[in-house]
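Before any comments, here is the structure.
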Amino acid sequence: MALPDPPYTTGSIRTPHGTIRTPALIPVVATSYGIWDLWIDGTYTAPWDLAQATILSLYHVLQYSRAQQVRTRGIHDVLGTSRPVLMDSGGFQYMKKGTELDPMDVLSFERQSGCDIGITFDYPITPDLDDAQRNTRLDRSIEAANLMLEHADGMELYGAIHGSSPREIETYAERLDEGFGGYGIGSLVPRKGHYAHLVDIMHTARTLTTLPIHAFGITGFPALYALSYLGVDTFDSWTYVVAAAYKEYIDPERLTRVKNLKKLTSLPSCDCPVCQEHGLRDFIEPTSEGEVLLSLHNLHVYLKEMASIREAMEQNELEAYILSKGESGNRNINRAFRAAQMKVKEKKD
Ligand SMILES: [Zn+2]
């Protein structure tokens, strides 16, 4: 099959629990934090009721009081959703904590959870590693990925890919066995504001495969636009809930975070369902309810933008759409998009 070429358009990822239309933002379900029980108990509309799919990290699930239920009843039943669920191995969080999981245990848990797509256990790299350390971690990630694929037994598995340069990404991908359903590109977070690097890595990954590619931990609007333009299929984000924890409201027009809500008398207007019934006074309540409502507003903004990106793509107007968003407040939108455009042009020349 011919490799895809820009301009990219919308796509779809089929799973046992339905199809995800791409590009899509997949909210992170961080079960081990307090407010999630309110969602799991059905007290409020949950992120998985709003988004096309959700993603959980094993790091959060395994320390969750309902981890055993996830094993026995399955993740869909525990969350109360019939939509696609992805299960990330949590390699990035385990790295930060300085611990590791056995890739075979990860595979076993992912399978027991009944997730639609599992992701291989990985050993992310950071810019401070020397060559030997980096190569060791890349080797281990590749070994873990191929081992898990060998024993996947029909479960859809995304191979985690890491690299500090396009060349490393290419070499890594060549060493992965055939049979993955898609690829998740990691180690992006430490340099996520470095747009030239980000688009270089993701553009390289896109040109290597026709399968879905996922960008781990990339959540800012500038990067979401630029990487959607480069044909990246999915993103994961928990910014909606982290921002809410800090009492930050995402401005639906300017796409910037409005901070210090307590000092404000009004908020930029929003037509999302949450803001039809709630407002500033509810959002600043120092309660779980305030946090839940604010995070749902934030998530609505993200999901609406992703829907607008897909719509613009289908009308072949994505460039014009991104440029129009760049004019409305967040300067990094233009910076990231210019980097992406340059990358596409450079590779064509
Ligand atoms: Zn709203």
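The values are calculated or read from the model by the stated rules, or taken from the named source; none is laboratory data. Just so you know, these numbers come straight off a predicted model, no measurement behind them. Cβ placement follows ideal geometry from the backbone for every residue including glycine, while neighbour counts extend to all protein chains displayed.
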### Query
Here are some conditions: (1) surrounded by fewer than 19 Cβ atoms within 10 Å (Cβ to Cβ); (2) among the acidic types (Asp, Glu); (3) under 23 Å from the mean Cα position of the chain (by Cα). Residue 291 meets all but one. Which one does it not meet?
(1)
#### Entry: Verdict on residue 39 being under 24 Å from residue 219 (Cα atoms), over 17 Å from the mean Cα position of the chain (by Cα) and at pLDDT 90 or above
yes
### Message
Looking at the stretch 242-251, can you tell me whether even one residue there is more than 20 Å from the chain's Cα centre (by Cα) and closer than 19 Å to residue 24 by Cα?
### Response
no
### Summary
Residues in the stretch 100-136 that are touching a Ser or Thr at 6+ places or on another chain (Cβ under 9 Å) and of a type in the set (Lys, Arg) total 1
#### Entry: Subset of the stretch 93-117 that is among the hydrophobic types (A, V, I, L, M, F, W, C) and in contact with a Phe, Trp or Tyr (Cβ under 7 Å, 6 or more places away or on another chain) - its residue that is nearest to residue 26 (Cα to Cα)
117
### Query
Of these, 311, 346, which one is assigned to a helix (DSSP H, G or I), surrounded by fewer than 13 Cβ atoms within 10 Å (Cβ to Cβ), more than 15 Å from the ligand (Cβ to nearest atom) and of a type in the set (Asp, Glu)?
346
### Message
Every residue in the stretch 252-307 that is among the charged types (D, E, K, R), within 13 Å of the ligand (Cβ to nearest atom) and not in a helix (DSSP H, G or I), please.
### Response
253, 271
### Task
State whether the residues of the stretch 130-137 include one that is of a type in the set (S, T, N, Q) and buried (at least 17 other Cβ atoms within 10 Å of the Cβ).
no
### Message
Can you tell me which condition residue 333 does not meet? The list is (1) part of a helix (DSSP H, G or I); (2) out of contact with any Lys or Arg (no Cβ under 6 Å at 6 or more places or on another chain), and all the others hold.
### Response
(2)
